[in-house]
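The values are calculated or read from the model by the stated rules, or taken from the named source; none is laboratory data. All figures in this text were calculated on a predicted structure; none of them were measured in a lab. Here Cβ is always computed from backbone atoms with ideal geometry, including for glycine, and neighbour counts include all displayed protein chains.
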Amino acid sequence: MYNQPTPDMLESNIPILVGVGQITDHPQNEEGRTPLELMVSSAQKAVSDAGAPGLVNAITDVSACGLTVDADLVKTPFKKAYDNVPKLVANQLGIEASRYYYAAPGGNTPQYLVNYHARRIIEGHDETVLLVAGEALHNMFQRFTPWYKLFTPWKGWRGKTGSTPLSIGDNRPGSTPHEDQYKLTLPSKV
């Protein structure tokens, strides 16, 4: 699947993590941030942490962890509320990247994206990559419980760019049919 890196590749294309940012948002009311707002805020923190404000102008690729509501087996009105999560994040940060990736949701997705893009950097395909994630299930439940609140304005819980990101990752179900039979589908149930 991947080319074996040569010493020349490793010498000239060593992946370096230059900035990180993390947001925790657990409001007790419906004013919590959307997944997109969480991603943009954490990306801004990462750029600040890097100490290079012009870094956003060098970003060639934006890659986003898939949202739980977009998982294949999840049935919800929020599925695909954002048509291109990485592009929406990039737009808010003023980034015009060459490629936008949206990864399959899962607990290993952040590490998968680090490995995936590190390999692409080593091979010379990517240069400067922004990785983002923003799970807002708590905020979503605060905002839209009880269910009839789904009929109220979504205040940023949707976004359309008219484009589609490149899909990467493994969309296989996280459980087997036997586990499904006994409702052992979530890590907290196993």
| message | If I filter segment 16-35 for residues that are assigned to a helix (DSSP H, G or I), under 17 Å from residue 159 (Cβ atoms) and at pLDDT below 90, do I get at least one hit? | response | yes
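Where residues in segment 101-120 are outside any helix (DSSP H, G or I) and crowded, with 17+ Cβ neighbours inside 10 Å, which of them is modelled with the lowest pLDDT? Give the steps one after another, and end with the answer.
Keep residues of segment 101-120 that are outside any helix (DSSP H, G or I), which gives 101-108.
Okay, now just the ones that are also crowded, with 17+ Cβ neighbours inside 10 Å, so 101-106.
Numbers: 101: 97, 102: 95, 103: 94, 104: 90, 105: 88, 106: 83.
Per the criteria, the residue is 106.
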| remark: Of those in segment 41-92 that are closer than 22 Å to residue 21 by Cα and among the basic types (Lys, Arg), the residue surrounded by the most Cβ atoms within 10 Å (Cβ to Cβ) is 87
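Here's the yes/no breakdown for (1) over 11 Å from the mean Cα position of the chain (by Cα); (2) without any contact (Cβ under 8 Å) to a residue 12 or more places away in the chain; (3) part of a strand (DSSP E or B); (4) over 23 Å from residue 24 (Cβ atoms):
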{"site": "48", "(1), (2), (3), (4)": "yes, no, no, no"}
{"site": "55", "(1), (2), (3), (4)": "yes, no, no, yes"}
{"site": "63", "(1), (2), (3), (4)": "no, no, yes, no"}
{"site": "69", "(1), (2), (3), (4)": "yes, no, no, no"}
{"site": "75", "(1), (2), (3), (4)": "yes, yes, no, yes"}
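Just the residues that are of a type in the set (A, V, I, L, M) and either under 11 Å from residue 95 (Cα atoms) or in contact with a Leu (Cβ under 7 Å, 6 or more places away or on another chain) (or both), please, taken from segment 44-59.
Kept after step one, since they are of a type in the set (A, V, I, L, M), are these residues of segment 44-59: 46-47, 50, 52, 55-56, 58-59.
Within segment 44-59, 47, 55, 56, 58, 59 meet the criteria.
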| message | Looking at segment 112-122 only, could you name the residues that are out of contact with any helix residue (DSSP H, G or I) (no Cβ under 8 Å at 6 or more places or on another chain) and more than 15 Å from residue 135 (Cβ to Cβ)? | response | 112, 114, 115, 116, 117, 118, 119, 120, 121
